[in-house]
Amino acid sequence: MCTVTVRIDEEVLRGVNPSLSDMAAIRRWAQELIDLRIQQMEFGDTETMSIEEAREMTLAAVREEYARP
């Protein structure tokens, strides 16, 4: 196991997902995203990406998901 520090704009994140109301909820959400990506990599997705690419992809997905009317 390792520990990684990720900077997240809490205000933006809460704006798109109000259920992420505290740091514990944000930590769980981020961990779920990372675990899912690791599973995808294990089961056939051989393309690798940098942590910055993963962060940008995650933020874009969150914004897209919660920007829908």
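Below is a table of values for the structure above.
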| item | result |
| --- | --- |
| Residues of region 13-23 that turn out to be among the hydrophobic types (A, V, I, L, M, F, W, C) and in contact (Cβ under 8 Å) with a residue 24 or more places away in the chain, as a count | 2 |
| Members of region 35-46 that are free of Cβ contacts under 8 Å to residues at least 12 places away in the same chain and under 17 Å from Ala60 (Cβ atoms) | Leu36, Gln40 |
| Helices (runs of 4 or more DSSP H) wholly inside the chain containing at least 2 residues that are surrounded by 12 or more Cβ atoms within 10 Å (Cβ to Cβ), in contact with a Leu (Cβ under 7 Å, 6 or more places away or on another chain) and modelled with pLDDT of 90 or more | 10-16, 23-42 |
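The values are calculated or read from the model by the stated rules, or taken from the named source; none is laboratory data. Keep in mind that what you see is a predicted model, and the values were worked out from it rather than measured. Glycine gets a Cβ as well: all are built from the backbone with ideal geometry, and neighbour counts include every protein chain shown.
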